[in-house]
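**Q** What follows is a structure written as structure tokens; I'll ask about it next.
Just so it is clear, none of the values below were taken in a lab; they were calculated from the coordinates. Fair warning: this is a prediction, and the values are worked out from it, not measured in the lab. Please note: Cβ atoms are built from the backbone with ideal geometry, for glycine as well, and neighbour counts cover all protein chains shown.
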Number of protein chains: 2
Amino acid sequence: MLLIKNVLHQNRITDILINDGRFAKIAPGQSVAGARIVDGRDKAVLPAFYNLHSHAGMSVFRGLSDDKELFAWLNQDIWPREAKLTPEMIYLATRFSILEMIKTGTVFFLDMYFEQQEILKAARQMGVRTVSALTGLDLFDAAKTKTEIEKIEKYIACGEHDEQCLKGLMIHAVYSVSEELIRYIVKRAEENGYYLTLHASETAKEVEDCLKTHGCTPIEYLDRLGALGPKTIVAHAVHLTDSDIALLARKKVPLCTNPVSNYKLASGLFMLQKLQKAGCVLTLGTDSMASNNNLSMLEEMKLCALSAKIQSGDATAGNAEDVFKMATVNGARAVGLDAGEIAEGKLADCILVDLNSHFLVPNYNLISNMVYSADSSCIDTVICNGRILMQNRHVDGEEEIIAEIKKLSEFFRN
Amino acid sequence: MLLIKNVLHQNRITDILINDGRFAKIAPGQSVAGARIVDGRDKAVLPAFYNLHSHAGMSVFRGLSDDKELFAWLNQDIWPREAKLTPEMIYLATRFSILEMIKTGTVFFLDMYFEQQEILKAARQMGVRTVSALTGLDLFDAAKTKTEIEKIEKYIACGEHDEQCLKGLMIHAVYSVSEELIRYIVKRAEENGYYLTLHASETAKEVEDCLKTHGCTPIEYLDRLGALGPKTIVAHAVHLTDSDIALLARKKVPLCTNPVSNYKLASGLFMLQKLQKAGCVLTLGTDSMASNNNLSMLEEMKLCALSAKIQSGDATAGNAEDVFKMATVNGARAVGLDAGEIAEGKLADCILVDLNSHFLVPNYNLISNMVYSADSSCIDTVICNGRILMQNRHVDGEEEIIAEIKKLSEFFRN
């Protein structure tokens with residue numbers, strides 16, 4: 001049991017009791033025998049962040065190659081190095097990404113990469129939640145389709161799976177995965193009750209190519225193959241037609257926008273206001289350290305809000321409240337978590353922010369301050385599932401985690 | 001004298017001696033009697049930031065009103081409250097803004113507001129550099145023109161002026177200042193050797209209105225009144241014609257882009273790549289806490305780089321190195337400071353960043369990490385003019401400065 005004493009919650013000072021991984025009681029003046037006390041004075045409690053799109057294993061590539069055109073970047077710098085990643089390296093890189101997520105207030109990440117059992121291991125050790133989606137990617141090569149299917153079956157069969165750290169599957173994209181493999185992944189995800197995720201309509205070229213090849217947009221093509229539904233999280237979704245939007249809204253498909261990555265690779269502008277008006281489910285993600293270059297949902301929220309205004313030409317678009325919800329409760333619900341809000345009965349995920357940080361002063365509107373002003377230095381404490389992952393800005397073992405990545409980066413330097 | 005020992009500088013470990021406000025010697029293994037030692041181990045030295053556009057006195061309005069259309073925001077929320085600001089309040093608000101600048105690595109701000117002598121006082125006390133430009137704003141009211149001229153003369157006559165904290169003048173904008181007052185300000189700035197600054201071509205509407213009223217763009221109109229030259233810093237410069245651009249390049253007019261503010265108010269996208277190719281002088285600023293909502297040049301650099309890519313559709317635009325220069329050496333030079341680079345003989349302004357911060361690991365490219373990954377938590381030490389303003393992330397007196405603003409914000413809450 002944890003008892004957060006004298007913390008600011010919705011403009012009032014109160015106490016919050018956490019028991020059995022859930023917020024048990026929110027009321028001032030509590031005193032509970034045996035509860036560990038967390039001093040909430042001069043702090044406010046807020047939901048933690050849910051990052052709906054990451055490739056945590058790419059953290060060893062941060063800063064290695066920037067300001068390049070997408071395919072030059074992938075071909076020259078990223079893919080040759082990814083080929084050298086071992087499972088152990090992916091484990092270390094993921095652990096480091098999780099450290100950065102905790103430091104920036106995130107307790108969940110929907111991750112898609114290779115060697116996903118390593119990611120589950122790292123998430124479990126660090127105490128965060130994850131859906132770890134194994135990426136299917138066959139480049140239309142029949143031999144590769146077969147080995148991808150074997151990998152998927154091996155992953156489904158492996159024991160690494162619990163309530164906090166779930167397995168999932170991913171379709172890399174319509175331009176890189178064969179119809180056969182897409183159909184297979186959709187079927188196996190459904191049979192196993194897994195969340196499915198994919199990249200779609202990230203660039204204008206992807207949509208053009210799909211129109212040429214399949215006579216329809218990537219969204220329509222994916223729908224035709226049965227891939228779209230409330231358990232399929234579509235990342236990017238930048239270049240959408242009106243009929244794509246109507247389809248995504250009707251099928252309640254959660255969309256995950258990654259504004260920093262879309263800007264950095266010059267992919268395009270997410271139509272936040274339009275999608276919101278159409279009733280789409282909107283969530284937020286950071287993409288990887290190679291295309292961002294950090295995993296801060298604070299920075300992602302700020303650009304998400306700013307970009308919505310520029311894209312629509314309307315300064316009222318992407319308001320702070322809505323964007324904060326995208327990063328918290330919307331993300332949690334999209335992956336079936338009864339979390340993302342500080343309320344009795346909800347899963348006990350939260351952050352405590354330092355109200356004496358200059359970034360949070362004046363405090364007319366805490367949500368505005370979080371979206372437009374705060375950086376990671378404001379986040380003092382991170383709690384996931386009732387367990388303290390960071391307190392006083394320190395995460396157990398962080399020095400060693402960072403040292404390992406410094407060492408590993410020497411291997412990839414050239 | 002300060003001696004920074006064992007610090008990373010351009011990929012080598014070295015010592016840096018600071019004497020008489022300048023970098024005196026950069027070489028390893030120095031030992032200097034009487035020098036105060038700064039431990040540079042696990043830190044890198046970099047130029048500090050020069051913020052070329054701020055309204056520091058507006059810090060009491062952070063988070064008070066967001067996500068609004070520009071004129072509703074000004075009329076309903078900002079202007080009625082600005083009318084209540086006393087000189088003492090502007091002093092406190094500016095001191096708080098300077099605290100946030102130091103915390104985020106900035107040592108210079110080109111400020112434009114009212115009661116500029118209060119701003120000079122705050123800057124001098126906090127140890128940063130400033131050009132404090134008194135804003136001329138008469139709204140085409142002849143009586144107001146007269147009182148503005150009186151204010152300007154009073155400011156010019158006042159004693160508050162030294163090498164580190166300079167006086168300057170500002171023309172608010174072509175839509176808010178009469179031709180008579182513009183000509184007066186231009187003349188008095190020139191006669192006193194002052195820097196001049198102004199807002200221009202911030203919104204499409206401003207350009208349209210100017211075309212209707214004066215038959216030319218704001219840039220052409222300002223040029224006609226003699227306002228443009230290498231000592232006039234033009235803020236925003238979003239909506240420019242090709243002939244505006246050629247004129248600004250030819251006259252060597254420093255432009256200051258404020259991407260966060262331009263996004264937040266849906267003003268438009270700065271054409272970084274195009275202006276760079278035309279040979280324009282480019283610098284960076286944060287604008288105020290009311291339209292940003294913080295003063296972090298780190299966040300400003302990131303959006304500056306990202307926005308250049310989206311605006312041009314070219315991921316190679318706005319590369320990290322160029323944007324870092326905009327925030328450092330370009331800004332310093334634009335206001336006549338022999339600073340912005342870590343080199344012998346230059347003014348001793350610098351920051352030390354923590355190479356053990358997760359945001360700066362791996363360290364393949366420190367400038368990329370600063371632009372795309374770092375937040376304020378990476379900045380350990382800030383030095384301006386050879387004087388330490390922050391060490392170990394602490395600024396002397398910060399608690400009291402923050403407490404004063406908390407108190408003051410109660411006055412503006414309703």
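**Q** Under a no-solvent Debye model with one identical scatterer per Cα of the protein assembly as shown, what's log10 I(q)/I(0) at q = 0.05 Å⁻¹?
**A** Debye curve over Cα of the protein assembly as shown, log10 I(q)/I(0) at q = 0.05 Å⁻¹: -0.26.
**Q** Taking each label point as 7 Å beyond Cα in the direction of the beta carbon, state the distances from B:Gln76 to the same residue in the other copies, shortest first, in nm.
**A** Reported distances to equivalent positions: 5.0 nm.
**Q** Further question: Given a Förster distance of 51 Å, report the FRET efficiency between B:Asn414 and A:Ala143 from their Cβ-Cβ distance, rounded to the nearest 0.05. Write out the running numbers ahead of the final one.
**A** Details: r = 70 Å, r/R0 = 1.37.
It comes out at approximately 0.15.
**Q** Right, something else. Taking every residue in A:100-106, how many Cβ atoms of other protein chains lie within 10 Å of its Cβ, on average? Walk me through the numbers before you get to the answer.
**A** Working: counts 5, 0, 1, 5, 4, 0, 0.
Mean partner shielding for this stretch: 2.
**Q** For the range B:49-334, what relative contact order do you get, as a whole percent, if you take Cα pairs closer than 8 Å and at least 6 residues apart?
**A** Working: 560 pairs, mean separation 57.9, N = 286.
Averaging sequence separation for qualifying contacts and normalising by length gives 20 percent for the range B:49-334.
**Q** Quick one: B:His394, A:His161, B:His358, fewest Cβ neighbours within 10 Å first, how do they rank?
**A** On the way: B:His394 12, A:His161 16, B:His358 26.
Placing the least packed residue first, the sequence is B:His394, A:His161, B:His358.
**Q** Going toward the positive end of the dipole of chain A, with +1 on Lys and Arg Cβ and -1 on Asp and Glu Cβ, which of A:Leu139, A:Ile13, A:Val382 do you reach last?
**A** Ranked along the dipole, the leading option is A:Ile13.
**Q** What net charge do the residues around B:Ser368 carry, taking every other residue with its C-beta under 10 Å from that of B:Ser368, with Lys and Arg at +1 and Asp and Glu at -1?
**A** Numbers: positive: A:Arg62; negative: A:Asp66, A:Asp67, B:Glu321.
So the environment of B:Ser368 carries a net charge of -2.
**Q** Also, I was wondering about something else. Just to check I understand the Karplus step: with θ = phi - 60° and J = 6.51 cos²θ - 1.76 cosθ + 1.60, what whole-Hz values come out for the range B:249-254, glycine and proline as x?
**A** 5, 4, 8, 6, 7, x
**Q** DSSP loop (so not H, G, I, E, B), at most 15 other Cβ within 10 Å: list which trypsin sites (Lys or Arg not before Pro) in the range B:340-414 pass both filters. All intermediate terms of the calculation are to be shown ahead of the outcome.
**A** Numbers: sites: B:Lys346, B:Arg387, B:Arg393, B:Lys406, B:Lys407, B:Arg413; in loops: B:Lys346, B:Arg393, B:Arg413.
Taking the range B:340-414 and a limit of 15 other Cβ atoms within 10 Å, the loop trypsin sites (Lys or Arg not before Pro) found are B:Arg413.
**Q** Another one. Write down the percent of antiparallel bridges among all DSSP beta bridges whose residues are both part of chain B, to the nearest 5.
**A** Working: 23 of 60 bridges.
Of those bridges, close to 40 percent are antiparallel.
**Q** Also, quick follow-up: What dipole magnitude, in Debye to the nearest 20, does the range B:1-80 give about its Cα centre under +1 on Lys/Arg Cβ and -1 on Asp/Glu Cβ? Can you show the working numbers first?
**A** Details: 9 positive and 8 negative charges, 118 e Å.
For this selection, approximately 560 debye.
**Q** What order do you get for B:Cys304, A:Cys158 when you list them from fewest to most C-beta neighbours inside 10 Å? Walk me through the intermediate numbers first.
**A** Numbers: B:Cys304 25, A:Cys158 12.
Going from least to most buried by this count: A:Cys158, B:Cys304.
**Q** List the lysines whose Cα lies under 26 Å from the Cα of A:Lys252, skipping any in the same chain that are fewer than 8 positions away.
**A** Counting by Cα, and skipping residues close in sequence, A:Lys252 has these lysines nearby: A:Lys167, A:Lys187, A:Lys205, A:Lys231, A:Lys274, A:Lys277, A:Lys302, A:Lys309, A:Lys325, A:Lys346.
**Q** At a 10 Å Cβ-Cβ cut-off, how would you order B:Trp73, A:Trp79, fewest neighbours first? Show your work: numbers first, answer last.
**A** Details: B:Trp73 21, A:Trp79 10.
The fewest-first ordering by Cβ neighbours comes to A:Trp79, B:Trp73.
**Q** Please list 3J(HN,Hα) in residue order for the range B:92-99, calculated via the Karplus relation 6.51 cos²θ - 1.76 cosθ + 1.60 where θ = phi - 60°; whole Hz, with x for glycine and proline.
**A** My calculation for the range B:92-99 gives 5, 5, 5, 4, 5, 4, 5, 4 Hz in order.
**Q** Measuring from a point 7 Å out along Cα→Cβ, what nm distances, shortest first, does B:Ala33 have to its partners in the other copies?
**A** 7.1
**Q** Counting pairs on different chains as well as pairs 8 or more places apart, how many Lys pairs in the range B:22-142 have Cα atoms under 22 Å apart? The partial results should precede the final answer.
**A** Details: B:Lys25/B:Lys43; B:Lys43/B:Lys103; B:Lys68/B:Lys84; B:Lys84/B:Lys121; B:Lys103/B:Lys121.
Summing the qualifying lysine pairs gives 5.
**Q** If you take every residue apart from A:Val45 with its C-beta less than 14 Å away from the C-beta of A:Val45, what net charge results, scoring Lys and Arg +1 and Asp and Glu -1?
**A** On the way: positive: A:Lys5, A:Arg12, A:Lys25, A:Arg41, A:Lys43, A:Lys346; negative: A:Asp15, A:Asp39, A:Asp42, A:Glu341, A:Glu344, A:Asp349, A:Asp354, A:Asp380.
Counting the neighbours of A:Val45, the net charge comes to -2.
**Q** What is the magnitude of the charge dipole of the range A:279-342 about its Cα centre, with +1 placed on the Cβ of each Lys and Arg, -1 on the Cβ of each Asp and Glu, and no other charges, expressed in debye to the nearest 20? Let's see the in-between values first.
**A** Working: 4 positive and 8 negative charges, 15 e Å.
So the magnitude is around 80 debye.
**Q** Based on Cβ point charges of +1 for Lys and Arg and -1 for Asp and Glu, what charge dipole magnitude is obtained for the range A:49-334 about its Cα centre, in debye rounded to the nearest 20? Intermediate results must be reported in sequence, preceding the final value.
**A** Values: 31 positive and 36 negative charges, 109 e Å.
In total the dipole reaches around 520 debye.
**Q** Mind checking which aspartates and glutamates have their Cα closer than 12 Å to the Cα of B:Lys264? Skip sequence neighbours fewer than 8 apart in that chain.
**A** Those aspartates and glutamates meeting the cut-off are A:Asp314, B:Asp66, B:Asp67, B:Glu69, B:Asp287.
**Q** Which of the trypsin sites (Lys or Arg not before Pro) across the range A:48-89 are loop residues per DSSP, with 11 or fewer other Cβ within 10 Å?
**A** Details: sites: A:Arg62, A:Lys68, A:Arg81, A:Lys84; in loops: A:Arg62, A:Lys68, A:Lys84.
Counting only loop positions with at most 11 other Cβ atoms within 10 Å, the trypsin sites (Lys or Arg not before Pro) in the range A:48-89 are A:Lys84.
**Q** Still on this model: Any idea which of B:Val361, A:Met112, B:Ala308 is furthest toward the positive side of the dipole for the protein assembly as shown, if Lys and Arg beta-carbons carry +1 and Asp and Glu beta-carbons -1?
**A** It is B:Val361, whose Cα lies furthest towards the positive end.
**Q** Inside 10 Å of the C-beta atoms of B:67-80, what's the mean count of C-beta atoms belonging to other chains?
**A** On the way: counts 16, 3, 3, 1, 0, 2, 2, 0, 0, 0, 0, 0, 0, 0.
Going residue by residue through B:67-80 and averaging, the value is 2.
**Q** When N counts the residues of chain B, how does its alpha-carbon radius of gyration compare numerically with 2.2 N^0.38 Å, as a ratio? Walk me through the numbers on the way to the answer.
**A** Working: Rg = 20.8 Å, N = 414, 2.2 N^0.38 = 21.7 Å.
Taking the Cα Rg and dividing by 2.2 N^0.38 Å, one obtains 0.96.
**Q** Evaluate peptide A:266-273: per residue, the Cβ atoms of other protein chains within 10 Å of its Cβ; return the mean as an integer.
**A** On the way: counts 12, 4, 2, 1, 0, 0, 0, 0.
Going residue by residue through A:266-273 and averaging, the value is 2.
**Q** Ordered by residue, what ³J(HN,Hα) values in Hz, to whole numbers, does the range A:371-385 give under the Karplus form 6.51 cos²θ - 1.76 cosθ + 1.60, where θ = phi - 60° and Gly and Pro are x?
**A** 6, 9, 10, 4, 10, 4, 5, 7, 8, 8, 9, 10, 10, 10, 6
**Q** Nearest 5 is fine: what % of DSSP beta bridges in the protein assembly as shown come out antiparallel, could you say? All intermediate terms of the calculation are to be shown ahead of the outcome.
**A** Numbers: 46 of 120 bridges.
So the antiparallel bridges in the protein assembly as shown amount to around 40 percent.
**Q** Got the B:Ile13 label distances to the other copies yet, label 7 Å along Cα→Cβ, in nm, shortest first?
**A** 4.9
**Q** A follow-up question, please. Beta carbons within 10 angstrom, averaged per residue: use that to sort the peptides A:90-99, B:305-314, highest first. The partial results should precede the final answer.
**A** Working: A:90-99: 26.6, B:305-314: 22.3.
Packing order, densest peptide first, comes out as A:90-99, B:305-314.
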